[in-house]
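These notes concern the structure reproduced below.
FYI, it's all coordinate maths here, none of it is from the lab. Small disclaimer: the values here were computed from a predicted structure and weren't measured. In this analysis, Cβ positions are derived from the backbone assuming ideal geometry, glycine residues included, and neighbour counts consider all displayed protein chains.
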Amino acid sequence: MSLIIHAPNVHRGGGRTLLLSLLQATARSGGCLVLADDRLATLPLPENTEVIRFPPSVAGRLAAERFLRARAQPADVVLCMGNLPPLFQLRARRTVLFIQNRYLLDAVDTSAFDAIVRLRIAIERLWLRRTISRVQQILVQSPSMADAVHRCLDIRSEVAPFALLDSGHTAPVTKDSPGDAGTAGFLYVASGEPHKNHRRLVEAWLLLAEAGIRPLLRLTLNTAHHPELAAWITASSEHSGLRIENSGEVSPEQLARLYKESAALIYPSLTESLGLPLLEARAHGLPIIASERDFVRDIVTPRETFDPESAQSIARAVRRFLGADEAGLQIRTPAEFLDLVRGG
């Protein structure tokens, strides 16, 4: 029996991290065949891992699907890592689908994407529904993802989260004052897709600046992939004197250093299948300030939560963490109100 990992569109972000962790794990179990994206930058792989790459195009994806159909044998197990079942019926003994893309399951607004991306999502939603019968098992990483699969496809899935987390760290020193936390900064590990909610996070930092609070915000945004968002963040930061540092995509070693140096992880994402940085932050002993969403509480208990659709709510959660919460609204007595009316 051979393992075939079908991942022709996995090349960055959490998907890449999970895929590479699986490839390292296969070294102890006989290796595997990987159908990979040309854009996937890999680490040194086990000798018994065979990698076949395909270009990120419609023709490339069709070529990968045809190759999978030809290569899969009756004794093989196929793991589909790209959120979609095989396009063609396979002879494999077992086909397993790993789903981590909420856009294919939930009625998520895609208006922020350009027309080509919206078309791709629509096609992939149709592909998922039309071919789901070709898999024998669906795996997800959280109970809320399992609920989404059941609502969308009327199929049960198995919750099986996994992550390769570094346990050789030392927990960060507890900050003694709000100033220490503001200096050490808040870390947001995320790519620049609309659901990652960078704009609202920066809007919250603008509100904090208006109140004279300027904590450091560290980002890992790839400016080449998201130039408009990156330019807007830079312009907003320069105009209002925000302290925002963008490291771009980072190596595992660089990321571990960012976790160690930061005071907290802030995670304003609107929707996730898992949210790997939440697990990484927990493993590093880092406090978490996150969206009040099921996918967050599926896996961690955050220190503070907020409404991710409200910049004011995000700003208030940061203020609470810093110990600089707003004073309560002043309530006047009726007499004081009348005095105000009278101009007193």
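Across segment 282-299, rounded Karplus estimates of 3J(HN,Hα) from the backbone phi angles (6.51 cos²θ - 1.76 cosθ + 1.60, θ = phi - 60°) give 4, 5, 8, x, 8, x, 10, 10, 9, 4, 7, 9, 4, 5, 6, 6, 4, 10 Hz, Gly and Pro being marked x. Sites listed here are GluC sites (Glu not before Pro) in segment 204-306 whose DSSP assignment is loop and whose Cβ has at most 16 other Cβ atoms within 10 Å: Glu292.
Computed about its Cα centre, the charge dipole of the chain is approximately 1140 debye, with only Lys, Arg, Asp and Glu carrying charge at their Cβ.
Using C-alpha pairs below 8 Å separated by at least 6 residues, the relative contact order for the chain is 13 percent.
The simple spin-label model puts a point 7 Å past each Cα toward its Cβ; for Glu309 and Arg12 those points are separated by 2.8 nm. Label positions at Ala231 and Ser191, each projected 7 Å from the Cα along the C-beta direction, are separated by 2.2 nm. Using every alpha carbon pair in segment 178-322, what percent of pairs falls into each 5 Å bin from 0 up to the bin containing the largest distance? Binned Cα distances yield the sequence 2, 11, 22, 25, 23, 14, 4, 0. Note on the chain: GNM, Cα springs under 10 Å; of His284, His11, His239, the largest mean-square fluctuation is that of His239. Listed values for segment 4-21 are Karplus-derived 3J(HN,Hα) couplings in whole Hz (6.51 cos²θ - 1.76 cosθ + 1.60, θ = phi - 60°), namely 10, 9, 9, 9, x, 10, 9, 8, 7, x, x, x, 4, 4, 5, 4, 5, 5, and x replaces Gly and Pro. Between Cys32 and Thr49, Glu50, the built amide H atoms are under 5 Å apart, and every one of these is 5 or more places off in sequence or on another chain.
For Arg93, the amide hydrogen comes within under 5 Å of the amide hydrogens of Ala75, Asp76, counting only partners 5 or more places away or on other chains and with H modelled in the peptide plane.
Considering every alpha-carbon pair of the chain, the percent of pairs per 20 Å bin, from zero through the bin containing the longest distance, is 27, 52, 17, 3, 0. Taking the chain as a Gaussian network, Cα atoms linked when under 10 Å apart, which of Ala75, Ala92, Ala146 shows the biggest mean-square fluctuation? Comparing Ala75, Ala92, Ala146 in the GNM, the peak value goes to Ala75.
Average projection, convex hull of the Cα set of segment 3-159: 9.1 square nanometres. Under 17 Å from a label point 7 Å along Cα→Cβ of Leu62: give me every residue in segment 104-126 with its amide N that close. Residues passing the 17 Å test: 120, 123-124. Relative to the longest principal axis of the Cα atoms of the chain, the long axis of helix 252-261 makes an angle of roughly 20 degrees.
Between segment 118-138 and segment 1-34, the C-alpha centres lie 21 angstrom from each other.
Computed from phi, the 3J(HN,Hα) profile of segment 67-81 under the Karplus parametrisation 6.51, -1.76, 1.60 (θ = phi - 60°) reads 4, 4, 4, 6, 7, 5, 10, x, 8, 7, 10, 10, 10, 8, 8 Hz, with x in place of Gly and Pro.
Angle of helix 311-322 to the longest C-alpha principal axis of the chain, folded into 0 to 90 degrees and rounded to 10: 80°.
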